Ligand code: MN
Ligand code: MN
């Protein structure tokens with residue numbers, strides 16, 4: 001065989017992971033940049049679950065969606081949403097086919113790792129007012145010290161009035177920070193394991209330093225902070241007990257790189273898939289199958305609670321679609337509907353990082369910039385806790401992606417036995433739905449500044465549109 005023939009054969013028979021950028025024209029790149037700009041605005045407006053739900057509803061209403069409560073009955077083309085206790089969301093576009101024939105679902109989570117205040121957070125020590133915290137989700141704790149933090153949350157005062165608190169986002173606002181030991185005195189700290197470099201009880205946030213009263217006043221700095229909070233919000237120390245207050249990085253989403261090809265921001269896991277899912281749903285008009293976005297809370301801590309993906313509230317929202325389109329929805333009918341439903345568990349995956357190459361199997365990893373990643377399984381050790389998508393379903397999704405020119409890739413979450421992780425895929429598959437993980441590769445995942453490629457964000461959006469519109473009930477099996 002001549003070399004030329006071998007090259008032809010190579011082209012025909014082998015697969016190579018390629019940059020998605022090559023397949024986008026100059027004009028498309030402008031679109032990609034515009035899409036990324038809107039995505040960054042979305043991230044800045046929704047840094048907590050609650051804010052993210054509010055930002056989604058604002059966008060949905062601008063695009064003709066109404067609250068499900070406003071509709072007694074539903075007909076094809078209707079666009080509705082249901083808030084799940086202000087921390088989760090189900091949005092749907094009703095199709096022409098019966099809901100009981102199954103629906104196409106994009107399921108993302110809108111919680112991200114962050115730092116919560118403890119129920120009794122405030123104390124004074126050495127002339128400083130500080131707050132105790134308890135972190136949420138999997139974080140490298142040392143990454144969260146010495147950065148500007150903003151405080152977001154909801155509190156209730158003694159009269160039961162709800163108070164929304166946001167400090168640290170406006171240009172004029174003060175920020176908060178977790179101090180860390182100076183390097184000069186860190187000989188002992190630097191000998192600790194990295195997982196304990198900054199310990200959970202060391203994540204104490206600096207919130208004040210101006211005492212009120214005089215030398216006789218006990219804890220004047222703490223009192224000064226409480227007075228400020230009382231003047232502004234009418235709250236007292238006791239009101240922190242029932243509050244939900246999160247500390248998140250204060251920085252805004254930014255372009256990264258001379259060529260601006262990446263987005264750097266807090267909370268991209270998994271709001272990057274929430275935004276691309278939402279944008280895809282808003283693009284859909286009069287579909288054949290009913291299209292659904294399911295945005296859940298608490299994924300980072302096991303999808304628990306009534307706002308987590310395992311909650312019946314999400315199932316109620318799906319049942320509502322069947323009932324309000326005039327079908328019965330006995331548990332038999334509902335379960336058959338789930339059986340006939342298809343879902344992309346739209347969640348992020350690890351992007352290969354050449355600096356830490358040994359953490360990955362380079363042949364089986366996603367690369368930033370190579371397009372949306374479809375993952376057959378996640379999990380840890382012997383695929384524990386993963387949804388192992390069926391070949392039949394994986395192939396059906398790939399057929400849709402290929403027919404619609406979607407740049408896609410596949411990969412595993414790092415080297416075997418190194419660690420691992422899960423998504424809501426397994427939880428949803430347990431209900432009978434066909435599910436596969438599909439989303440954007442992320443660098444520095446779970447850090448205060450996660451990085452994604454704009455090409456991947458856009459190809460994920462395009463893939464989601466194709467899935468919602470083109471995924472049919474029947475798949476080869
Ligand atoms: Mn995730
Ligand atoms: Mn995560």
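Numbers for the structure displayed
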item	result
Per-peptide average of other Cβ atoms within 10 Å, ordering 209-222, 403-416, 263-276, 343-356 highest first	263-276, 343-356, 403-416, 209-222
For 390, 114, order by how many other beta-carbon atoms lie within 10 Å, fewest first	390, 114
Separation between Cα centres of region 252-281 and region 160-197, rounded to whole Å	24
Degrees between helix 26-45 axis and first principal axis of the chain (Cα, 0 to 90, nearest 10)	40
For peptides 302-308, 191-197, sequence by mean Cβ density within 10 Å, most packed first	302-308, 191-197
Principal-axis tilt of helix 220-233 within the chain, Cα atoms, nearest 10 degrees	50
Alpha carbon centroid spacing (whole Å) that separates region 418-477 from region 40-93	20
Shape call, the chain: gyration tensor on alpha carbons, a/c limit 1.5	oblate
Among 332-340, 422-430, the order from most to least packed when residues are scored by Cβ within 10 Å on average	422-430, 332-340
On Cα atoms only, tilt of 454-470 relative to the major axis of the chain in degrees	50
Sequence of 123, 458, 24, 360 once ranked by neighbouring C-beta atoms within 10 Å, starting from the fewest	123, 24, 360, 458
Sorted by Cβ neighbour density within 10 Å, fewest at the top, the residues 22, 446	22, 446
Euclidean distance of C-alpha centroids, region 217-245 and region 319-373, integer Å	43
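Each reported figure results from applying straightforward, stated rules to the coordinates on display, with no laboratory input. Here the structure is a predicted model, which is why all the values come from computation and not from measurement. No Cβ is skipped: glycine too gets one built from the backbone with ideal geometry, and neighbour counts run over all protein chains shown.
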